[in-house]
Amino acid sequence: MRKGLTLSDILVTVLVAVIFGFIYNLWWLPYEAIKPFGLHIEQLTYGMWFAAAVVAYLIVPKFGIALLAEFAAGAGETIVMGKFDIPTFVFALLQGLACELVFMAFRYRSRSVMVCILAGLAAAFISLPIDYFYGYMSEVATWNLILFIVFRLLSGAVLAGILPYILVKALDQTGVTRLFRSASQEDYDAL
């Protein structure tokens, strides 16, 4: 496998980012619909906004892919929204970086569900101080803040960790993702 990014790697990553840009923009609907129920239950849906980085990495496991995918998805979300939104760029950049650091820790060699869960957790964790800065987290009671954090981390693990893993595994079964990976020695031996 070539170490550097190829044009096809970047194009696949941008395609994933565009798709998730639309998903991210539409994801506000369930998030806002659940919000009135209280107790920060909407945080259980929050992890979807971290998923582009994990999906892109699982398809193209190379340096920089997670960061590029998440940032491009965040940029795409603002384009679809029709407004320039600095907080979205900040969230996307740092969430992509958090995922990238997890994948880097495993030297871009592991596509296991545990690595995906760790990446989702890292993105959720890095989003908390940003939310604190931009949001209202300092104004809620401690028990309520604990619910907020636990639900956000759980969502990161499930919606940005497990769900992308299942999605890409299903794509792997169809053979679609094989088009984007370099041929291995086993592939050449099979010929």
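The values are calculated or read from the model by the stated rules, or taken from the named source; none is laboratory data. Predicted model only: the values in this text are computed from it and were never measured. Please note: Cβ atoms are built from the backbone with ideal geometry, for glycine as well, and neighbour counts cover all protein chains shown. SASA here: full protein model, heavy atoms, side chains in, ligands and nucleic acids out. Shrake-Rupley method; radii C 1.70, N 1.55, O 1.52, S 1.80 Å.
Need one number: nm distance between label points at Trp143 and Ser112, each 7 Å from Cα along Cα→Cβ, rounded to one decimal.
So the label points at Trp143 and Ser112 sit 3.8 nm apart.
Report the net charge of residues surrounding Leu93, where surrounding means a beta-carbon distance below 11 angstrom and charges are Lys +1, Arg +1, Asp -1, Glu -1.
-2
Return the FRET efficiency for the residue pair Ile166, Leu15: r is the Cβ-Cβ distance, R0 is 30 Å, and the value is rounded to the nearest 0.05.
With R0 = 30 Å, the Cβ-Cβ based efficiency is 0.95.
Just the number, please: carbon plus sulfur as a percent of the accessible area of region 50-191, 1.4 Å probe, no ligands or DNA/RNA counted.
70 percent
Just the projected area, averaged over all directions, of the convex hull on the alpha carbon atoms of the chain: how many nm²?
Numbers: hull surface 45.4 nm².
If you wrap the Cα atoms of the chain in a convex hull and average its projections, you get 11.4 nm².
Considering only C-alpha atoms, what is the centroid distance from region 104-155 to region 3-37, in Å?
Here the two parts' Cα centres lie 18 Å apart.
Which of Phe148, Phe106, Phe50 moves the most in a Gaussian network model of the chain with Cα springs under 10 Å?
Per the Cα network of the chain with a 10 Å cutoff, Phe106 tops the list.
Could you do me a favour and compute the accessible area per residue for region 7-181, 1.4 Å probe, result in Å²?
Each residue of region 7-181 exposes 49 Å² on average to a 1.4 Å probe.
If you keep only loop residues by DSSP, which trypsin sites (Lys or Arg not before Pro) in region 71-174 have at most 10 other Cβ atoms within 10 Å of their Cβ?
Taking region 71-174 and a limit of 10 other Cβ atoms within 10 Å, the loop trypsin sites (Lys or Arg not before Pro) found are Lys83, Arg107, Arg109.
Just from its helices, what would the mean residue ellipticity at 222 nm be for the chain, if runs of 4 or more DSSP H residues each count -39500 (n - 2.57) and the sum is divided by every residue, rounded to the nearest 500 deg cm²/dmol?
Result for the chain, helices only: -22500 deg cm²/dmol.
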